[in-house]
Structure formats: structure tokens, C-alpha cells
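The values are calculated or read from the model by the stated rules, or taken from the named source; none is laboratory data. All figures in this text were calculated on a predicted structure; none of them were measured in a lab. Counting neighbours? That spans all protein chains shown, and the Cβs are built from the backbone with ideal geometry, glycine included. Calculation scope for accessible area: heavy atoms of the full protein, side chains included, ligands and nucleic acids excluded. Shrake-Rupley method; radii C 1.70, N 1.55, O 1.52, S 1.80 Å.
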Protein chains: 6
Amino acid sequence: MVFSSSVILAVGAHPDDIELGAGGTIYKAVQAGSRVIALYMTKGGKTTDSNVRMQESTKAMKILGVNYFFFENFPDTEIPNSFEAINRLEHYATEHKPDIILTHSVNDTHQDHRTVGWLAMAAFRNVPKILAFETPRVRPANFLPAYFVNITGCVDKKFEALRCHASQKEKRYLAYESTVNLASFRGSQVGVEAAEAYEVVKFLEI
Amino acid sequence: MVFSSSVILAVGAHPDDIELGAGGTIYKAVQAGSRVIALYMTKGGKTTDSNVRMQESTKAMKILGVNYFFFENFPDTEIPNSFEAINRLEHYATEHKPDIILTHSVNDTHQDHRTVGWLAMAAFRNVPKILAFETPRVRPANFLPAYFVNITGCVDKKFEALRCHASQKEKRYLAYESTVNLASFRGSQVGVEAAEAYEVVKFLEI
Amino acid sequence: MVFSSSVILAVGAHPDDIELGAGGTIYKAVQAGSRVIALYMTKGGKTTDSNVRMQESTKAMKILGVNYFFFENFPDTEIPNSFEAINRLEHYATEHKPDIILTHSVNDTHQDHRTVGWLAMAAFRNVPKILAFETPRVRPANFLPAYFVNITGCVDKKFEALRCHASQKEKRYLAYESTVNLASFRGSQVGVEAAEAYEVVKFLEI
Amino acid sequence: MVFSSSVILAVGAHPDDIELGAGGTIYKAVQAGSRVIALYMTKGGKTTDSNVRMQESTKAMKILGVNYFFFENFPDTEIPNSFEAINRLEHYATEHKPDIILTHSVNDTHQDHRTVGWLAMAAFRNVPKILAFETPRVRPANFLPAYFVNITGCVDKKFEALRCHASQKEKRYLAYESTVNLASFRGSQVGVEAAEAYEVVKFLEI
Amino acid sequence: MVFSSSVILAVGAHPDDIELGAGGTIYKAVQAGSRVIALYMTKGGKTTDSNVRMQESTKAMKILGVNYFFFENFPDTEIPNSFEAINRLEHYATEHKPDIILTHSVNDTHQDHRTVGWLAMAAFRNVPKILAFETPRVRPANFLPAYFVNITGCVDKKFEALRCHASQKEKRYLAYESTVNLASFRGSQVGVEAAEAYEVVKFLEI
Amino acid sequence: MVFSSSVILAVGAHPDDIELGAGGTIYKAVQAGSRVIALYMTKGGKTTDSNVRMQESTKAMKILGVNYFFFENFPDTEIPNSFEAINRLEHYATEHKPDIILTHSVNDTHQDHRTVGWLAMAAFRNVPKILAFETPRVRPANFLPAYFVNITGCVDKKFEALRCHASQKEKRYLAYESTVNLASFRGSQVGVEAAEAYEVVKFLEI
């Protein structure tokens, strides 16, 4: 279970990816006492200044109660499928000993998301649980969620975090309606008010 | 394309299934000049009086502009996977010569829905197009929509049709919020305001 | 998480199915304080006397610490895909309010197993978690386990339960070696000594 | 390998199914010394007289060199998914000890074909090899052939067998062009002149 | 619907790929009034002179009625999975505002085809329709076509276009028989004389 | 059939991969008279000296009776998805004219394994058979074996080969128990004592 994990490592390609895919889950886990570490593989500098994006995610993470976050410096839109990248991820596993990884799905149309999904599968082979979160770019007919986290009561908090990304505000999926809508739809699929959906890459109950 | 079809045959297991899965599409197609035929395989009499349910669907269909609708008498919750059922469906194909079928997905947890999906695949083998619609009971990790119909501007109409099912009103998925939410989510996956999602069973462009 | 569930309902087609698929998990859950209910859909009377088989499973369940077990009377090898069967399963859900269902996979070559998998999907639509266990009859290329329960230290207990099925002892998969071997293989896939593997039908973390 | 099998059991729903799906393979196997047994689950009496259909398949089988063929009497278009049907199939396995089964795919739109595919999976669980052949009714996006048998030089023979089904001659897929065309297409996918394609249900090389 | 699209952008890895996968569709669409743009990601210079290959495709496109075609200069057999490549594709979308993309499937064994399939998924995320065409190199058990375009009456025209590729004439799949055979097989799967088959990546009916 | 192949080309990413995935099959094939060629794409120098690893695999191959083995020099953990790599593989096909390829699955979490799986699919497009073997790193829910080779009686020999990899001995999957366990599990799925499991990429019976 995500909430009872002592250490959660969330890995996103760009500032805002973790918030979008797992913001509610993370917030709830922090409340439940988990130590959450957020790792962004890029500083997202392709279209906006990297410093701005890092500040935004920093702010967002604080709202979600996350005190440990890191920004790697892989090139935005060109995260390499390299040993070096795998190696960096392994470093975080060694350092923080996560029980669970929350990261991108390989069934995503964004090249960086897909790459991070594959890198994570290799790097975190010894971590007992890997769940792949949903982004606005997943392929509708290929993203196959079977794991849902009830985030009822946390959607406004999630939106508060997303709203920190002021530089991205023209992106429709960052709007309040979109945030509520996604949470409500995924909730409706499992009979709760609001949920976040995940593909199960691997889940070992210890 | 659904909208340019001259004859659309929608087949649902119970009164309200067609409205839920394809209400917006049907309404838009009628507006565009298609002849739409709605066929319910049962009268839905398991928990409510059949006459009430038929009246409700009749009212709903009229709101959507559908003038041709039929109710078969297969037993609610026990639609048989039988030759007779296939035969009935074939009769409608012969009689109405549909260009396209809108029906249930075999990836649905409701036994009747699944059965209708399989029956349709056999019965409509000579119809050029079959799309499988979404119900609140599809399996999240197995319903694989690749075909989307933009129903922007028709969501209120769809809800108006759903609201006719007064006998079912305790069902959460018939609420206004649910209707909007589903349409918005599917719309967001393809970049429009509102959509209905379908699995492509077969699609022949003639 | 299975272990932290307060009520677990395990549903098998025949006496011995639950023990084979989820014996270790159940034992461990009972130890952790869960209330486990075992339901057999048949009394397994096709090749052996039903009373013998029920006694064997009763004994097995006691070894695993399960105090609540029930035997429905559906015909062995011919469990019907009927509303009545779904209805019976719903009754158990209403009565016992399980948090999680452990049952057969629809990707199994045994007709009864497959039927129970489909029945469960319909009947337990409102139960938050459904996991599908492995039997010696699952289809190797279609059983897709992503959820694993660590049963290290419980394999001998599982075997002790399986050994109760004296009437079936000619079945190779009930041998000690087979029990250890399956547990070790599934364990090796996730880096522990012994595990039971499950397909995730649906998993809602509340 | 099919050709080096000593006993091949081909199971079709109706007279002509085996010829269509595996005619070339069977012919070649007989030439190579295999003993081929053809089993039809129905006598195909729905639209034509059963005796006529049996005579046609008898003639067809002789052309392919098959001397052992049997007709069960399950109802055409309504082959039951029953224990009795599984039992009948098991009887053939016990009697003839086949090394390999050639039968229908469960990914077929014809209800009888699909049923036979599922029955075979249950009945032949102890037969080392099961391949599922292609019919004109397989679902294009769901029939997933990975096993191909080179039937170069045998296509005319296959057609000669198909031509025996004079009562079905209005079926387009029995035309000479269709026979050649299917064989050529499947051949082109693997670089030979003509082939028959199969899904691998299970293949144990002993 | 392809034919009613006002702007179609076809993207192939090498000269001849578009003709092979979508030649009939394109021809028919041009006749129906669509504006078709063909884009080749390489000039195909690995085994033949680039100029020859470009001249051949130019000739082929003219036969199909396509007046707009472009050749990018990515290295044949080594099209990079890079941001630059995505960027080039986006440029075409911005410039030509296509309604639909016809391109390679990611389920293809040729590395360049697969890469183009992935690039297209990223680059054309805002284009409403993406269909993936069939090449002689698709993986038989992984190419899953559900969308078919009737090209009856256009097969000779398609062959005429293919024949322009004189430098490749030793390739068996460019032969007249292969062209007819593929079209006939795909047609037979949906009940018409000749068809081209596509995987549906995304299809939004507006 | 693997055993009746005259020339088998086994391709692994690192010294020990072929032994792990196909050691029993290879040994049995050599006994049956096949000519087996083993090709390692790297010398495995990332964590151990390349010379040591090559010596170990040389020893292992001799135990299995393989006299032809080659080591390419691609970088360990970073095998490129390049034309050059495909080209090298094609060279082996041209030189040795294999009937069958045994190689990695693309459904593996190790980046090098996955890359070799894709390279092989491109390079060996004209080889009639490709089977993908199992490593300790395959994804449990995505490795889909349908082809099994009975290696009863050869498991000790396989282990003897694995034991040569003294430099890797801390790897748990090289232990005797693991070797037996994997073979027994895969055997149990098809009713024999010991087996190796393969995904069927393509299998043409000539």
C-alpha cells in the first residue's frame, strides 16, 4: 500500500509531472507519515527558464508536504536512454531505500515520459513496488490502470500544488476543472469520489 | 464516420445503456441526418417494472431525436449467449441495413453487457463498422478506446435523456456531474471539450 | 494490502483451489489479524465423494487458521455462468463486507475456474480489491501477474494444508516439491524467497 | 513440429473448418507420415442437410489423405460450452494419443468456433501442443499468429479439398482465388510462397 | 473518415513506404478532393542513390495524384529518436494543419519504421486522427488492424505507383501479385474486394 | 523444432545470458546433432574483467558442447540500438545461415536485453524462426511464453555451465536451487519435469 510505505520515491521527467500524476497520493501519504522524495529528471528548461520551473515545483512540493526533492540536469525533451541515467536513478534507490516508486508509464506519448518509465524499470529492479502514474499524455488505449488511490478530500490540495506552475498556466490540464475532472473520473471507475490511477509495473507485498 | 452514416443501429442490453454509452453521438448523428435505430435486448425488468423502464427509454430516445426503437424480451441479467439471440440481431441487420453498429464492449464486468458484445460480433459480421461504447461497468484496465466522438455542445442533451430514467435515479452515474465528468475526461484525452469513447471492433471505410 | 485487510473473501471453484492459489497469503493474513472467509463454489464431487472433499478442505482451512468457510452446491465441472451464481456471490459480499477478494483468473484453462473469475468480476463490482490467483491450470502466456505476496516462512504451512487433500494426492501439483517450487519461482521474480503471484483485477487503496 | 508429429488431431466446429484452417498443413503432414485424425463437432446441419455436409467433408478428407475422421452430433450454431463436450474431446485424446491439436482460435467471431477453442483448451490440457488455425471469421485485430506452416506446392490440393464442399459454394472464401490469396498473404509474412498461420496456444518440444 | 479529410499528411521512413502502406487510400482521397501531403523522413540512400529514390517517389506520388511531397534528410536505417526529428514533424503539422496522419506502426520490425511510429505519436499529439499503416515488415502477431479502407478499383493504380520504384524491383513485395494479394487479403477480412489495413492510434471524429 | 534445426544461432547480451536462458535447449540440440553458434554482444566488462568473463563463457559453452562462439565488443550496459549493431548480427546470419535464433525478449527490464531483442527482430527478418528466452530480468506480467523445450535430464548439465561463471557467483539466480527451480516451474506448466520457456517471435515450419 502506498500510504503505509515508509519511503516513497516519485520520479518525474519534468517539474509538474509528479504533481499531475501523483499529487493527491503523495499528499495523503505524507499526512499518513511516509517520507516522500521527489526527483525530477530535468529542470524543464526547454520552453521556460529552468530556475522558474524549479521554484514552481519547489513551491508545489512544499504544499504537498514533501521536503525532499531533487532536480537532475538531463536535457528537457531529450532525456537519454543511457546507462548514466539508469545509474543516477540507482543512486537514489541506494541512498533513500524507497519501498515504492511512483513514476511514468511506458505507454505515454511524450518521449521523455516513456524514457523515464523504461529507465525506472531497469534502475529500480530491486525496489519491491513500482506504480506508473497517469499524465495528460498517456495513450488512451494503452494506459491500463488497475491500481487506484482514493484521494477524496485531497483534490483541492492537489490543485493548489498544480497552480504553483504559473509559467505553464496556459496548459489546459492544469486548470481547476481538469484536476477535478480527472480525479472524479478515476474515482467513478472504482466507486469513490476522487482517485488517482496507476498501472502496476510490479507490486510486492512484504 | 458515425455522423455521415445513413443508418446507425445502437444495441444495448438494458434501457439506459445506449443513452449512457452513446447518447451524445446519437443525438449529433440524428442532427446530421442519420437514421438511428435503438434496440434494447431486455426490458430491464429485474429491479423495476418493465413498462416503466420502456417508457423511460422511449422518452429518452425522443429527446435524442431517435424515432425507431425496439425492445426485445430477453431476460434481464440473463441474456443468453444463444443462436436465437444472434438470430434476432441478424434480423435487425437484414431489416434496417445499418452502416454502423454501436454496442457493448466484451471488456465489461456486467454479464449482460459482455454477452451482447459477443452476440453482436457474430450477428453483425457483415456490417462494415462496429464500435463498442463505454458504460460505468467497463473494466478500467481492459476497455481500450481508440475512437472518440466529439460531443461538445451535446452533453446537456445527453443528460436530459439520462434524466428520463427516473426509476434508476439513485444510480450515481446518472447524475449530472457524472455525465459531464465522463464527457470531459474523454474529451481531454483527445483535446476537445467533451467526447464519447469507443473501442474499434471493426471499421471499414467504404 | 492483503495483510492489512480486515475481511478477506477467498472464492475457489473446488476444494483445494484456494489452498493452491492463496494458501500462504491467507495464512499470513490470519496471523496478521485479518478475518478470512473461504468459499468453495462446488463440493468437488465429480471424481471423489463430496463429503470427503469437504472434510479435506475443512481440515486444510483450519491449518491455515481460517474459521469461516462455506461450500456452495454448484455442479463440479459445470459451474453455470448464471445470474443465480452471481447472486450467491453477492450474498457473501453483503453478508461479510470483504475488503478484498482472492479468486480465480479468467485466464485459466479449467472451465470452472474461468467461470468463477467472470462471476466474481460481476458480483464483486463494489468490493474495492480483486486479485486473481494462480492455479496449475492457468495459461502460461496469458496469466499476467503483477502483484506478489511474500510468503517466505509460510511454505511449509501451505503444504501442510495441501496435504490434507489426501483424495487428490496423485495430482502432481500437490506434492511438496511442487509447492516449494512454485513459491520459489514466484519469489525469485520479485527478489524474495517465496511468493504467491496474482493478477490485479482491480485494486483500490482507500 | 507439425510434420514430425506421429499423431495429429484436428478439431473443427463444422465440416469445412479444418480444411479451411489447416488443409495444407494436414496434407503435408500425411505425406510426411503422420497419422491425422479429423474431428468435426457438428454435422453442420443448420443450413444444409447433415448427410450432404458429412459426405463433402469425407471426400475432402480423402483428398488430403486423411483416413480417420469423426463427426460428433453437437448442434450446429449452438455447440455447448459444457462438460459433456469437453468429455467427448478428452475421449479422443485418450483414444488416439495425439502429439498435437489443430483447432479453432478463441479470437474468432463465430460462436461455435470460439466455443471449440475454449473446449479444446480444457480437454487437451495434457496434450503437448495446441495450435489455433485461421478461419474467415477470426477477428483481424485479435487473431495473433506467430506459427506458420509452409504449404508451398500444396495450395491446389487444399483447394481441391475445399471444392468438395459444393453445398457451400456460394461462400466467397471457398473460391480458388481466396484460397490462393490467404496462403500467399500468410506466406509473404514469413518469406515463403504459401503458408497457413496459427496462434500458439501451447507448444512443448519433447 | 480518411476520404472526407481535407488535409492528409502521410509520413513514411523511406521512399516507397507510403505507397506500400497507403497508396490506395491516398489515391482515393485525392480523387475525393482531399489535399494529400507526403513526407519521407529519409531519402533512402543506404543502398541506392538518393536522387534516384526521390525521383521514383516523385513519379509515384504524381501517379497517385499527390502534388505536395517532401524529403527530409535523416540518415537511412538510422532515423534518430530525437527531439530534432519530432520538431521537424511538428513543423509539418503547424504548416499544413492535417486532419489525419497516416504513418508507420510501432509494431514493425524495421527500426526506422518503428522510430517514425514513435516520433509521430509525440509530434502529432494535437492532430485528431492517427492511423498506422501496414508494411511488409510489420510483426504478424503484433500488428493489430481494426480500421480498413476499401480500395476496390484502385489496386492497379497503387501498383502503378509502386512500379515507379524501379531501383527496388528485386523486392518481392513490390511485385504485382504481392500488391493484389495484400489488398485482397485485407479486403476479405472485411468483406470487400480490396482494402488497406490500419491500426487505430487515435481517431477523433469532430 | 529446435532440436531438428541444423544450425542454431543463440544471441545474448552478456556472457552467461545464453546459458541462463537456453543452456538446456542448446545442450540437447548439440546432442541431437545441431550446429550451435553462440554470440555474445558484449564482453561483459562493466563490473568484471572482460577476459575473465569470456573465459568463463568459453568454458560454459564447451560444457554444453558448443564449439562456435563469438564475442562482439559492444559496450556492456550500453548496447546501442544502431544500424551498426544490426549489421553485425546480419553478418552472422549471412555467414552461418541459421535455421533458428534464440535470443532476448523485448519484454525484459534490462536495457541491454531489450535492445538485443529489438536488434534481432530487425537483423534476422529472413531467418525462419526466432524464439525469445527467459532471463531473471524478464517482466513477470509481460513475458508471455508459449513455446517450451523439455530439458528433463539436462538440468545438471545446464547448472554445470552456469557454475563456470565464478565471477558472478554472488548472483542468486546462478545458484543450483535457482536453476532447478526455474526448470521445474516451467516444466510443471506443460507437464514435464524440466523445461525452458520461450516467447514465439516467429516460427516458420518449412
Item to check | chain E: most fluctuating residue of E:Lys43, E:Lys62, E:Lys158 per GNM, C-alpha cutoff 10 Å | outcome: E:Lys62
Next on the checklist: Which of rounded, prolate or oblate describes segment F:18-105 when judged by the alpha-carbon gyration tensor and an a/c cut-off of 1.5?
Outcome noted: oblate
Next on the checklist: Ordering A:Ser6, F:Ser184, B:Ser57 by accessible area with a probe of 1.4 Å, largest first, what comes out?
Outcome noted: A:Ser6, F:Ser184, B:Ser57
Item to check | Heavy-atom surface of chain D, accessible at 1.4 Å and reported per residue (Å²) | outcome: 34
Checklist entry - Rounded to the nearest 5, what % of the DSSP beta bridges within the protein assembly as shown are antiparallel ones? => result 30
Checklist outcome for this item: Heavy-atom accessible area of chain F with neighbours in place, 1.4 angstrom probe: carbon+sulfur share in percent works out to 48
Next on the checklist: Can you give the FRET efficiency to the nearest 0.05 for E:Asn73 and F:Glu177, using r as the Cβ-Cβ distance and R₀ = 41 Å?
Outcome noted: 0.15
Checklist entry - Which whole number gives the average, over all residues in C:188-201, of C-beta atoms from other chains lying within 10 Å of the residue C-beta? => result 5
Item to check | Rounded accessible area of E:Phe70 (nearest 10 Å², 1.4 Å probe) | outcome: 70
Checklist entry - How high is the relative contact order of segment A:100-206, given as a whole-number percent (alpha carbon pairs under 8 Å, six or more residues apart)? => result 33
Checklist entry - Looking at A:Cys164, A:Phe124, A:Pro145, which one has the Cα that reaches farthest to the positive end of the dipole of segment A:124-206 (charges on Cβ: Lys, Arg +1; Asp, Glu -1)? => result A:Phe124
Checklist outcome for this item: Taking every residue of E:143-156, the Cβ atoms of other protein chains inside 10 Å of its Cβ average out to 4
Checklist entry - Near E:Lys62, which lysines are there with a Cα under 29 Å away, not counting those fewer than 8 places off in the same chain? => result E:Lys28, E:Lys43, E:Lys46, E:Lys97, E:Lys129, E:Lys157, E:Lys158, E:Lys169, E:Lys171, E:Lys202
Checklist outcome for this item: Buried accessible surface, D vs F, both sides, probe 1.4 Å, in Å² to 100, equals 1700
Checklist entry - Which of the peptides A:98-107, C:133-142, A:31-40, F:87-96 is most tightly packed, and how do the rest follow, judged by the mean count of other Cβ atoms within 10 Å per residue? => result A:98-107, C:133-142, A:31-40, F:87-96
Item to check | In segment F:173-206, chymotrypsin sites (Phe, Trp or Tyr not before Pro) in a DSSP loop with at most 11 other beta-carbon atoms within 10 Å | outcome: none
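To the nearest 20 debye, what charge dipole does segment E:51-206 have about its Cα centre, counting +1 at the Cβ of each Lys and Arg and -1 at the Cβ of each Asp and Glu?
160
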Checklist outcome for this item: Bridge orientation stat for chain B from DSSP, antiparallel percent rounded to 5, came to 35
Checklist outcome for this item: Whole-Å distance linking the alpha carbon centroid of segment C:176-206 with that of segment C:135-167 is 8
Item to check | Mean residue ellipticity (222 nm) of the protein assembly as shown, computed from DSSP H runs ≥ 4 via -39,500 (n - 2.57), nearest 500 | outcome: -12500 deg cm²/dmol
Checklist entry - If you place +1 on the Cβ of every Lys and Arg and -1 on the Cβ of every Asp and Glu, how big does the dipole about the Cα centre of segment A:38-129 come out, in debye to the nearest 20? => result 240
Checklist entry - Of C:Ala38, C:Leu20, C:Phe71, which is farthest along the charge dipole of segment C:14-77 in the positive direction, counting Lys and Arg as +1 and Asp and Glu as -1 at C-beta? => result C:Ala38
Next on the checklist: For the protein assembly as shown, I need the span (max minus min coordinate) of the C-alpha atoms along each principal axis, in Å, sorted largest to smallest.
Outcome noted: 71, 70, 64
Item to check | In segment D:169-206, the GluC sites (Glu not before Pro) that fall in loop regions by DSSP, at most 12 other Cβ within 10 Å | outcome: D:Glu170
Checklist entry - Mind checking the dipole of the protein assembly as shown: about its Cα centre, +1 per Lys or Arg Cβ, -1 per Asp or Glu Cβ, Debye to the nearest 20? => result 0
